[in-house]
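Reviewing the structure listed below.
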Amino acid sequence: MDLPPMKIIATLALFVVLVLFGAVYFSSGGAAHQANPTSTTLILQKNSTTTAGSSGNSTTTLIHEANITVSGKINVSGSGMHPISISFYRANPNRTYSTNIIGPASYAISLPNLNTYDVVVFWAGQYPWQKGFVPVKPAVWQFDLGLVNQTNTTYNLNFTLPNGLINVSGRVRMLSPNITPSGQVLRAPTQVIFKAGNGMKFVGNIITYNITSQTNPNQTSHQYIYNASVPNLNTYNVTVNWNGQYDTKGTCYENVTSIYTGVGVANLTENYVC
């Protein structure tokens, strides 16, 4: 008896399904099973989507974003100086990415991913000559933005800057003869003046201390002490002004003093002779 064509096709399809099922069943020891799903990692430069693999396997796509937003805070130790900008240097190809510091020493910048950067923080003080930068220490500051499935990361910085103002103090010694036999002072220093190259002046007033001789109570000497707050990182012309008898005035000392103190230094002693 001849079967209709459609019945022949249906019979053959049923036969194939039964044969395949039997093969899987008996090869597994009498129990049909499904293969365990596996994960395949794909490293991509651009965004992609997770897709299902063949034969029940799953494909997990890890995304390396093309650009990463790096942000953080810059914590500075030392008074009078502050960070003004931050730069990220990439060697290959040679590119520089910079941004200004915003708000309370914070920054945010977009950088190409999968690169190693050197970081430099530029800083400034209250005075025009107070400026510089903090270079990178490779073992600490270099990093690789090999981020996966992320669009931002935090990178906080901590470093110490020199103090903006230095407390400069010392003695001014008056050369003899400066006292008459009767004990009158012929002249006494009144001010120590630090003058910067741009004309700015910083004055330290002098305090006079009367010191009585331990061997002769009737004999008194004078000690002149000054104290001035002077901006760091500059060279100054220093003068000592004095007042004398009969309303006389003058300058008895003029020299050059450089004030370049490192981090952690807030006080400096400079003695002058008049």
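Data overview
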quantity	calculated
Calculated FRET efficiency for the pair Asn205/Thr99, C-beta based, R₀ 45 Å, to 0.05	0.55
Tyr155, Tyr236 arranged by Cβ crowding within 10 Å, fewest neighbours leading	Tyr155, Tyr236
Other-chain or far-sequence residues with amide H under 5 Å of Ser85's (modelled H)	Ile101, Phe122
Net charge of Cβ neighbours under 14 Å - reference Pro83; Lys, Arg +1; Asp, Glu -1	+2
Per-residue Cβ neighbour rank within 10 angstrom, fewest leading, Lys249, Lys195	Lys249, Lys195
Under 14 Å, Cβ to Cβ, from Thr269 - net charge with Lys/Arg +1 and Asp/Glu -1	+1
Nearest-0.05 FRET efficiency for Asn198 and Ala91, computed from C-beta distance (R0 35 Å)	0.35
Backbone HN-Hα couplings from phi across the stretch 93-103 [Karplus 6.51/-1.76/1.60, Hz, Gly and Pro as x]	x, 6, 9, 10, 10, 10, 8, 7, 6, 10, x
³J(HN,Hα), Karplus 6.51/-1.76/1.60, whole Hz, each residue of the stretch 256-267, x for Gly, Pro	10, 10, 9, 10, 9, 9, x, 5, x, 9, 10, 10
Amide N of the stretch 222-262 lying under 13 Å from the label point, which is placed 7 angstrom from the Cα of Arg173 along Cα→Cβ	223-224
Ranked Asp118, Asp247, criterion: other C-beta atoms within 10 Å, fewest first	Asp247, Asp118
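Bear in mind that the values in this text are calculations on the coordinates, not laboratory data. Bear in mind the structure is a predicted one, so any value in this text is a computation, not a measurement. In this analysis, Cβ positions are derived from the backbone assuming ideal geometry, glycine residues included, and neighbour counts consider all displayed protein chains.
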